[in-house]
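Values in this text are rule-based calculations from the coordinates and carry no lab data. Because the structure is predicted, anything quoted here is derived from the model rather than measured. Note that each Cβ is placed from the backbone with ideal geometry, even for glycine, and that neighbours are counted across all protein chains shown.
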Amino acid sequence: MVRQAAVSFAGVRKGPDGTAAANLSGNPMRNGFLGFDASFMLDFVVVALVAVVPVILWSLYVVKVQRNYALHRLLQIALGVILLVTVVAFEVDMRMQGGWERIINKDLASPRRSPDEIATIRQFLYVHLLFAISTPFLWGTTLALALKRFSAPPLPGPHSRLHKTLGWLSTFDLVLTSVTGLAFYYIAFIR
Ligand code: HEM
């Protein structure tokens, strides 16, 4: 239902043979901006996945070396908001574009990837999803507990031990989300 609605929203044009070819180029969200013919949101997510890594490293430097806990809190909240907005926008967009396979093989008449290649790309996607799905939950838990249990302004305290464990797990989860997401993008659109 949703997919059909999305297709008719984007507009289905007639192909050269007169049949209804799903040429959706009239939809601006259909086209990316990185030059690899992905979708706008996929390119946006790739930029976000690259951008979050230096921000995390900065936040860790701020908390471990500078002991600026208030700035660490601000950076981690900002990362959480970026993560949430990206995930929601990405999910909505995926549904509107008809799924990742339709983004890779936009032109059904001459598909860019063979069924075998799609199967390989799917394996990459499943590994990525493992991290991409767990990260928002882990991140949300770490953030919520930290905001609830640390003092204001934040200082090390009884919650430090659990927070460090959750904090490092969340950090690795997000970095692996980023690395596997970029790997998916690479094999789907660049290679
Ligand atoms: C999901 C969000 C967050 C992540 C991933 C995260 C990650 C981390 C990590 C990995 C450390 C340990 C650094 C080390 O090994 O010394 C840490 C320390 C700390 N974080 Fe966070 N943090 C997050 C949110 C917050 C928030 C919202 C606050 C404040 C309300 C906060 C306050 C602190 C404090 C006070 C420490 C120092 C603990 C200590 O040294 O005893 N964090 N954080």
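Please give the charge dipole size of the chain, origin at the Cα centre, charges +1 on K and R Cβ atoms and -1 on D and E Cβ atoms. Round to the nearest 20 debye.
580 debye
How far apart, in nanometres, would the label points at Lys64 and Ser160 be if each is projected 7 angstrom from Cα along the Cα-to-Cβ direction?
If labels sit at Lys64 and Ser160, their model points lie 1.6 nm apart.
Within a Cβ distance under 14 Å of Ser59, other residues only, what is the Lys/Arg minus Asp/Glu net charge?
Charge balance in the 14 Å sphere: +4.
Could you give the length gained on full extension between Met29 and Glu91, defined as 0.36 nm per residue of separation minus the Cα-Cα distance, in nm?
21.0 nm
Which one, Ala152, Pro111, Ala188, is farthest towards the positive end of the dipole of the chain when Lys and Arg carry +1 and Asp and Glu -1 on their Cβ?
So the residue furthest toward the plus end is Ala152.
Rg and Dmax of region 142-191, using alpha carbons, in Å: what are they?
16.3, 49
I need to check one value: relative contact order of the chain, counting alpha carbon pairs closer than 8 Å and at least 6 residues apart, in percent. Mind dumping the intermediate values first?
Details: 184 pairs, mean separation 44.4, N = 191.
It comes to 23 percent, rounded to a whole number.
What list do you get for Tyr186, Tyr69, Tyr126 if you sort them by fewest beta carbons within 10 Å?
Lowest to highest Cβ neighbour count: Tyr126, Tyr186, Tyr69.
What's the center-to-center distance, using Cα atoms, between region 115-191 and region 68-114 in Å?
Here the answer is 14 Å between Cα centres.
State the extension gain, in nm to one decimal, for the chain segment bounded by Leu71 and Leu57, taking 0.36 nm per residue of separation less the distance between their alpha-carbons.
Between Leu71 and Leu57, full extension yields 3.7 nm more.
Quick one: length gained pulling Arg149 to Val47 fully straight, 0.36 nm per residue minus the C-alpha distance?
In short, 33.4 nm is gained.
Quantify how much of the Cα-Cα distance distribution of the chain extends past 26 Å, in percent. Please list the in-between numbers first.
Values: 7670 of 18145 pairs.
In whole percent, the share of Cα-Cα pairs in the chain beyond 26 Å is 42.
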